[in-house]
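The values are calculated or read from the model by the stated rules, or taken from the named source; none is laboratory data. These numbers come from a predicted model, not from an experiment. Note that each Cβ is placed from the backbone with ideal geometry, even for glycine, and that neighbours are counted across all protein chains shown. Keep in mind that these areas ignore ligands, DNA and RNA; they rest on the heavy atoms of the full protein, side chains included. Shrake-Rupley method; radii C 1.70, N 1.55, O 1.52, S 1.80 Å.
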Amino acid sequence: MSANAIPTGQQPSATYDSAFLRACRREPVPHTPVWFMRQAGRSLPEYRKVREGIPMLESCTRPELVTEITLQPVRRHDVDAAVFYSDIVVPLKAIGIDLDIKPGVGPVVAEPVRTRADLARLRDLTPEDVSYVTEAVGLLTGELGSTPLIGFAGAPFTLASYLVEGGPSRTYENAKAMMYGDPGLWADLLDRLADITGAFLKVQIEAGASAVQLFDSWAGALAPADYRASVMPASAKVFDAVAGYGVPRIHFGVGTGELLKLMGDAGADVVGVDWRVPLDEAARRVGPGKALQGNLDPTVLFTDRGTVEAKAQEVLDAAANLEGHVFNLGHGVMPNIEPDALTHLVDYVHTASVR
């Protein structure tokens, strides 16, 4: 089902005509909609206050806390969409994988997945495993009204990279060694992760999320031929799993300029672009029939307001002829960015893009 064919009956009626969902469907908008990856989190003092003393993964299982954290940037910045506060490893933790998010490091897996016997630890995810997600999304949609909620999940390749490496990696040597050296095991691992990821997104959509984003954070480490053969089928399976719901599906990765068309072809309605490729060039690479999301370099927000406005205008100018455009950063909000810089950026984009 294409994004243009989304039936009203499958969308929460209050959000259907929002600027964000209209842009995702490549329909006319009153202004360019804005949201930020990682908008809910470390850059906000109110976030640090409510998270104090609570481990990251535990915070993701507390529905009222998730609701508060998700709403904080909507209140502060007047963004056009909320993004569900969670983490890409939440579904892995929910099915019993022994992992933790270590401050300053990231997700660390106690027993990496390296053999076929290890696949048995990756059981199916059920809605009961993440009942706190269903509860939190329900609370949020009640509070958000006409503001859409974006659900999200980690893509199979990125999850596999964490599982096989045992934590963050710069080289992905173990994951790539499995991909090249044992392609059958690799394919089965990604297929299993595709099922888990699809189930996690379904829970969020069925609870009321208006769109979903698949983060393939580390896909930029792959050559296009390897992505097409060894990763794209699993990502396509995730997108296929939620196609029938009619909600826009966004696909984003870092350093994926060479993969943009393939990421769209995997089943995305909206392709996220990092700051390395101008949006007009990204549109040429992706091809027709997709909206684009992005792509201001997050570090621009450490400069003065005049520079931020000028660089934001460059993004808007590059997006002038796109079929649909959602303004975002080219990666997540950095922890030391001043919140007021984000608020001002939202206001500038809204004002400068009024139709």
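Observations on the model:
- Most positive-pole-ward Cα, Val108, Leu92, Ala136, against dipole of the stretch 71-143 from beta carbon charges: Val108
- Taking one quarter of the surface of the C-alpha convex hull of the stretch 112-160 gives a mean projected area of 4.7 nm².
- Computed Kirkwood radius, in angstrom, where 1/r is averaged over Cα pairs of the stretch 150-288: 15.0
- Extension gain for Asp100 to Glu173 (0.36 nm times residue separation, less C-alpha to C-alpha distance): 24.1 nm.
- Remark: the Ala243-Asp347 segment gains 34.1 nm on full extension, using 0.36 nm per residue and subtracting the alpha carbon distance.
- Relative contact order (percent, whole number), the chain, Cα cutoff 8 Å, 6+ residue spacing: 22
- Between Asp191 and Ala236, the modelled label-to-label distance comes to 1.4 nm, taking each label 7 Å out from Cα in the direction of the beta carbon.
- Calculated FRET efficiency for the pair Arg75/Asp124, C-beta based, R₀ 41 Å, to 0.05: 0.65
- Above-threshold pairs, the threshold being 29 Å between Cα atoms, out of Lys102/Lys176; Lys93/Lys311; Lys49/Lys93; Lys102/Lys290; Lys102/Lys261; Lys93/Lys237: Lys93/Lys311; Lys102/Lys290; Lys102/Lys261
- Residue-span extension gain [Glu58 to Ala14] - 0.36 nm each, minus C-alpha spacing: 12.7 nm
- Calculated volume of the Cα convex hull per residue in Å³ (choose from (1) 139; (2) 118; (3) 157), label: (2)
- Set of the stretch 257-278 residues, backbone N closer than 15 Å to the point 7 Å along the Cα-Cβ line of Asn321: 278
- Alpha-carbon centroid distance for the pair the stretch 248-277 / the stretch 281-340, whole angstrom: 14
- Take the Cα of Ala310, step 7 Å toward its Cβ, do the same at Arg114, and the gap between the two points is 5.2 nm.
- Each peptide among 195-207, 98-110, 39-51 gets the average number of other Cβ atoms lying within 10 Å of its residues, and from highest to lowest they stand as 195-207, 39-51, 98-110.
- Per-residue SASA entry for Trp186, accessible area with 1.4 Å probe, Å² rounded to 10: 0
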